[in-house]
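Heads up: the structure comes next, in structure tokens.
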Amino acid sequence: KPSHLQSLRVRTHATRALRTASIAVAVLQSAATLAAAPCRIEVLDKQNHWPVPLVQLRTTDDIVLVSDNAGVIAVDQPDLLNREIWFEIIGHGYNVPKDGFGFHGKRLTCKPGETLQVEVERSNIAKRLGRLTGGGQFAESQKFGQHTDWREPNVFGCDTVQCAQYRGKCYWLWGDTDVPWYGLGIFDSSGATTAARPIKSLQPPLQVEYDYFTDAKGRPRGVCPMPGKGPTWVGGYVVLPDRNGRERLVGTYSKIRQPMEVYETGLCAWNDDKDVFELVRKVWSKSDKSPKRSLVPNGHPAFWTDEHGQRWLLFGNPLPNFRCPATFEAWQDEKTWQELTPPKSLKSADGKEDVAPTSGSIAWNGYRKRWVTVFEQIFGKPSAFGELWYAEADSPTGPWGPAVKVLTHDNYTFYNPRLHQEFTDASSPILLFEGTYTSSFADHPQRTPRYDYNQILYRLDLNDPALKPAQ
């Protein structure tokens with residue numbers, strides 16, 4: 001009997017050990033399966049089946065999943081897999097119909113290795129092409145082995161774009177820039193170059209790779225280190241010929257102190273040997289005798305030849321408030337500077353609203369054979385600084401026709417839009433523009449991971465019937 005009991009105990013221990021090992025193997029296999037095979041969600045525009053970046057799926061416990069530049073979301077959180085989950089959908093002009101309680105969302109059961117599609121309906125006239133700056137532009141797709149050749153930029157956020165065609169390339173400039181290696185970033189304007197026509201496709205996924213100006217460690221650096229405390233912001237970024245026919249890349253700098261107060265402005269010019277802006281001269285410094293900023297060539301540029309054959313350089317943000325002859329010498333000479341008075345508001349196409357512009361740009365459009373503008377509205381609805389409008393004029397100084405809203409945001413900001421007519425053919429009906437997507441100046445929104453404080457590119461089809469009231 002003792003021998004029988006001992007044998008039974010051995011078999012029992014062996015069985016328990018085998019079961020424990022089997023459970024451990026199953027757990028490991030299950031964990032490996034979850035890690036290796038997320039559930040793939042593809043967010044698509046219902047109208048054209050293009051992938052839609054920047055669509056957020058939020059759970060009832062505030063987990064936020066965001067589609068990348070390829071419209072992909074990878075669901076690999078164990079608590080979201082293999083059970084029904086309600087996702088609120090926030091798409092800033094891309095959404096699904098409301099349910100009976102007024103919620104925009106969907107119930108999805110995400111299983112490892114499976115692919116689900118979420119079709120969203122676009123209410124914006126402008127089509128979202130994708131994010132231009134920041135890290136992780138294809139982070140979700142890369143979990144499925146796609147876009148693995150994408151070269152990550154060494155910046156996380158870029159504010160307010162300027163760009164100019166110079167020496168056969170596109171020279172880009174941004175304001176304050178977030179970096180991966182510390183909480184304080186670049187505050188004297190970061191810069192980069194690309195090909196003159198860097199956008200290869202006019203539909204998503206968008207891929208623009210920049211060659212940043214870097215320091216000795218290979219990290220992006222500031223390119224406008226003007227003397228004085230506080231950040232340096234550059235506007236009025238433009239290329240002008242000098243009297244010898246040489247192209248000069250120039251800008252207007254502003255020195256900033258808390259709380260975002262401009263205390264100095266001046267002119268700067270690009271040094272091709274050092275890849276940096278250098279001081280040309282100060283124009284204005286704040287003092288008791290001079291408390292108000294003087295006129296400077298600032299904002300986004302446009303060139304215009306009048307009926308007498310005089311070529312002018314115009315600046316505005318959005319509508320022109322400055323002009324001078326379009327030469328490097330006139331740009332420096334305050335005696336040639338003329339102040340213009342743009343309208344304070346434009347009438348909406350439905351006649352119900354006076355739309356007050358606060359930032360934007362203008363351009364001559366060869367397809368419409370008119371001047372066009374895309375601008376941000378001040379104190380719009382539903383977002384105070386995230387509503388963008390389109391309008392046209394026969395002359396860059398107006399009068400401007402009725403405005404049509406082309407882009408809206410849900411309690412988020414989209415400021416300083418910049419037209420890119422140089423990235424399409426002159427006869428193309430497609431107009432591109434970008435702007436800064438940021439939680440700043442909104443009513444305590446939940447920040448969008450990776451996208452916040454970055455540049456987003458949009459496309460306007462000028463033959464879209466929805467734009468007809470502006471034409």
Please go through segment 381-394 and give me each residue that is open to solvent by 10 Å² or more (accessible area, probe 1.4 Å), in a loop (DSSP other than H, G, I, E, B) and touching a strand residue (DSSP E or B) at 6+ places or on another chain (Cβ under 7 Å), ordered by number. Phe385, Asp394
Collect the residues in segment 405-424 that are open to solvent by 20 Å² or more (accessible area, probe 1.4 Å) and either among the basic types (Lys, Arg) or assigned to a strand (DSSP E or B) (or both), keeping them in residue-number order. Lys405, Tyr415, Asn416, Arg418
All but one of (1) within 24 Å of Gln77 (Cα to Cα); (2) in contact with a strand residue (DSSP E or B) (Cβ under 8 Å, 6 or more places away or on another chain) hold for Ile125, so report the exception by its number. (1)
Tell me, which residue of segment 318-355 that is surrounded by fewer than 16 Cβ atoms within 10 Å (Cβ to Cβ) and in contact (Cβ under 8 Å) with a residue 60 or more places away in the chain is nearest to Gly398 (Cα to Cα)? Asp350
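Got a sec? Which of Gly222, Gly251, Gly236 is in contact with an Asp or Glu (Cβ under 9 Å, 6 or more places away or on another chain), open to solvent by less than 50 Å² (accessible area, probe 1.4 Å) and closer than 24 Å to Gly435 by Cα?
Gly222
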Flag for Thr436 being touching a residue at least 12 places away in the same chain (Cβ under 8 Å), surrounded by 16 or more Cβ atoms within 10 Å (Cβ to Cβ), touching a strand residue (DSSP E or B) at 6+ places or on another chain (Cβ under 9 Å) and assigned to a loop (DSSP other than H, G, I, E, B): no
So which residues in segment 254-297 are open to solvent by 40 Å² or more (accessible area, probe 1.4 Å), within 21 Å of Gly316 (Cα to Cα), assigned to a loop (DSSP other than H, G, I, E, B) and not small (Gly, Ala, Ser), if there are any at all? Met260, Lys292, Arg293, Leu295
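Of a type in the set (A, V, I, L, M, F, W, C), touching a His at 6+ places or on another chain (Cβ under 6 Å) and under 28 Å from Cys158 (Cα atoms): which single residue out of Leu432, Leu460 fits that description?
Leu432
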Picked from segment 439-465 (must be of a type in the set (A, V, I, L, M, F, W, C) and more than 20 Å from Ala363 (Cα to Cα)), the residue least open to solvent (accessible area, probe 1.4 Å) is Ala442
How many residues are open to solvent by 60 Å² or more (accessible area, probe 1.4 Å) and part of a helix (DSSP H, G or I) if we restrict to segment 98-141? 0
Of the conditions (1) in a loop (DSSP other than H, G, I, E, B); (2) surrounded by fewer than 14 Cβ atoms within 10 Å (Cβ to Cβ), Gly183 fails just one. Which one is it? (1)
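The values are calculated or read from the model by the stated rules, or taken from the named source; none is laboratory data. Note that the structure is predicted; figures quoted are calculated from it, not measured. All Cβ positions, glycine included, derive from the backbone under ideal geometry; neighbour counts span all protein chains shown. The protein model used for the area step is the full one, side chains on, heavy atoms only, and it has no ligands, DNA or RNA in it. Shrake-Rupley method; radii C 1.70, N 1.55, O 1.52, S 1.80 Å.
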